[in-house]
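Peer 1: Take a look at this one; I'll ask things after.
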Amino acid sequence: MSFVLETKVFPKGGEIPSKYTCSGQDVSPALSWSGAPQATKSFALIVEDPDAPSGTFTHWVVYDLPPGTHQLPENVSQTDDLSGGGRQGRNGFRRTGYGGPCPPPGKAHRYFFRLYALDSTLNLPAGASRQEVESAMRGHLIAQAELMGKFAR
């Protein structure tokens, strides 16, 4: 069974609805996943825009999601700690939680949702940066699932 990350709000490689962007309500889309390896001890999620003018921009950092977690609901609260377990880090907007696509007018940008299955928890404090999360993940990645959507203004 392969490790798969999905959403019902846009097809893989498709257009992200404006509701989930700065042009709309700027809420996180519902995500679900399946096929994680048995050895998974936690999940981490990083959402990024590699097409941003200033270089790769981070839109969401989530980590230490419990191994029994198989989804994130729409409109995850922008709190440090999540109610079902897990923590959120700082995004490129310097805020905790999800910050939706907000590219400059023009060509569509690609937004990569990457879910990591890890063989340990990261035990970082809430509000960790993407760099801190990636550093703590080194040597602990056992599987990765990816979903990409596009958005233009």
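The values are calculated or read from the model by the stated rules, or taken from the named source; none is laboratory data. These numbers were taken from a predicted model, which means no experiment stands behind them. Every residue, glycine as well, gets a Cβ built from its backbone with ideal geometry; the counts of neighbours run over all protein chains shown.
Peer 1: Is it true that Asn75 is more than 13 Å from Ser28 (Cβ to Cβ), assigned to a loop (DSSP other than H, G, I, E, B), out of contact with any His (no Cβ under 6 Å at 6 or more places or on another chain) and not charged (D, E, K, R)?
Peer 2: So Asn75 fails the test.
Peer 1: From the residues in the range 133-153 that are farther than 23 Å from Ala36 by Cα and not small (Gly, Ala, Ser), which one is modelled with the lowest pLDDT?
Peer 2: Arg153
Peer 1: Could you pull out the residue among Ser120, Ser83 that is at pLDDT 95 or above, more than 19 Å from Lys19 (Cα to Cα), hydroxyl-bearing (Ser, Thr, Tyr) and surrounded by fewer than 17 Cβ atoms within 10 Å (Cβ to Cβ)?
Peer 2: Within the list Ser120, Ser83, the selection yields Ser120.
Peer 1: Is one or more of the residues making up the range 87-107 within 17 Å of Tyr20 (Cβ to Cβ), touching a residue at least 12 places away in the same chain (Cβ under 8 Å) and surrounded by fewer than 14 Cβ atoms within 10 Å (Cβ to Cβ)?
Peer 2: Checked the range 87-107: at least one residue is within 17 Å of Tyr20 (Cβ to Cβ), touching a residue at least 12 places away in the same chain (Cβ under 8 Å) and surrounded by fewer than 14 Cβ atoms within 10 Å (Cβ to Cβ).
Peer 1: Separate question: Scanning the range 127-153 for residues that are outside any strand (DSSP E or B) and within 28 Å of Ser23 (Cα to Cα), which turns out nearest to the chain's Cα centre (by Cα)?
Peer 2: Per the stated criteria, the residue is Arg130.
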